[in-house]
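Before any comments, here is the structure.
No lab work stands behind these numbers, since they all come straight from the coordinates. Given the structure is predicted, the values throughout are model-derived calculations rather than measurements. Counting neighbours? That spans all protein chains shown, and the Cβs are built from the backbone with ideal geometry, glycine included.
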Amino acid sequence: MNAAQANAISLPEIMKKLGYLPQKDRGWDSLFFSPFRDERTPSFHVNVADNIWYDFGEERGGDVVDFACAYLESRNLGHSVSEALSFLGNFDALSLPQRVFSVKSEGEEPALNVENVHSVRNLPLLRYLVHDRMIPLELVRKYLVEVEVHNRNTGKTFSLIGMKNADKGYELRSAFFKGCIGHKDVTVIRGAGYPPPEVHVFEGFMDMLSALADQEIDAFPGDMIVLHSLACLSKALPYVENYESYKRLYAWLDNDRAGEKGTQFLQRVAERQKHLEFCAMNNTYAPHKDVNEARVMRLGLPLLR
């Protein structure tokens, strides 16, 4: 990808794929929370017509390539133009993040809020996990929680399966729902070994739990990173790069076009580290889409997505 091709990528789409939704949208101009830092008042403007940006908090702006350089720099990653182009070149592999419920306009309260978090005890949720998804109960108890979410507009509270992410949000699931409350981010789970000899990257927590169940263990010797969305691939990099105790990187991404591109992205990351052997696990659950689907189909049960 060259600079002209990169600058043709829609900035609003890039922001969505990074998990940022507009706080104000006037058609030609969209206002976001800055992706470069935490802030309470949104100050990041995107001129939709010209596909350029300006961050009033940092008094800097530019085109798409300039954005990629600034974003990588904010993550303490290599941020040369060539590295920015490589980063942008992988954007067609990234799927849009799931709906982020806590995003709100300035001065407004979020419609949905976390009211309580505890161990999973809701019977329909347990049935979905243990019977429909074939996740052993001991793994449910170890890695997942039940999140009670209150809808301010309706006054009702409902329960969902949850896994907390690195930004203190929750990835949420049920038999009929998939989404996130809070900012989209990865979940990092430390392994049983110290120092950890390896790192396993999963697209979703169902796949992580299925891989553990298939091997009849409750933890890998190495660390586990759950992306929750391929849009969070870049957010996983700081946990992988320059971590010299890792000797192997295992990629457990989906057997589809996006998963293939994400796997290639992780392979390039491993190759840059020199000491890190790359292991793509796709063949272990092919021809099925992912680890959980392979487990459910192998056990002869219909899969509810």
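Summing charges over neighbours of P287, with a neighbour being any other residue whose Cβ is under 15 Å away from its Cβ, gives -1 when K and R count +1 and D and E count -1. Identify which of C279, C232, C180 has the largest mean-square fluctuation in a Gaussian network model of the chain, with springs joining Cα atoms closer than 10 Å. The residue that fluctuates most here is C279. Overall form of region 3-89: oblate. Here a/c, set by the Cα gyration tensor axes a ≥ b ≥ c, is 1.5 or more, and a/b is not larger than b/c. If R0 equals 51 Å, the separation of the Cβ atoms of A219 and D25 corresponds to a calculated FRET efficiency of about 0.70. Under a Gaussian network description of the chain, with springs only between Cα atoms under 10 Å, the residue in N255, N113, N122 that fluctuates furthest is N122.
Of all lysines in the structure, the ones whose alpha carbon falls short of 21 Å from that of K17, not counting any fewer than 8 places away in one chain, are K104, K164, K168, K178, K184, K235, K261. Between I14, I217, I181, the GNM of the chain built on Cα springs shorter than 10 angstrom shows I217 fluctuating the most. Taking only the Cα atoms of the chain, the radius of gyration and Dmax are 19.9, 58 Å. Checking the a/c ratio against 1.5 first, then a/b against b/c, what shape does the Cα gyration tensor give for region 112-181? Since a/c reaches 1.5 and a/b is larger than b/c, the shape of region 112-181 is classed as prolate. Its DSSP H runs of at least 4 residues, each contributing -39,500 (n - 2.57), put the calculated 222 nm mean residue ellipticity of the chain at -8000 deg cm²/dmol, to the nearest 500. Among beta bridges identified by DSSP and lying wholly in the chain, the antiparallel ones come to about 75 percent. Pairs of Cα atoms nearer than 8 Å and 6+ residues apart set the relative contact order; for the chain it is 14 percent.
Within the shell defined by Cβ-Cβ distances under 10 Å, the residues around S234 carry a net charge of +3, with Lys and Arg each +1 and Asp and Glu each -1.
Given R₀ = 30 Å, FRET efficiency for L137-D167 by Cβ-Cβ distance, to 0.05? Taking R0 as 30 Å, the efficiency between L137 and D167 is 0.60. Spin-label pair R152-R127: with each label point 7 Å from Cα along the Cα-Cβ axis, the two points sit 3.4 nm from one another.
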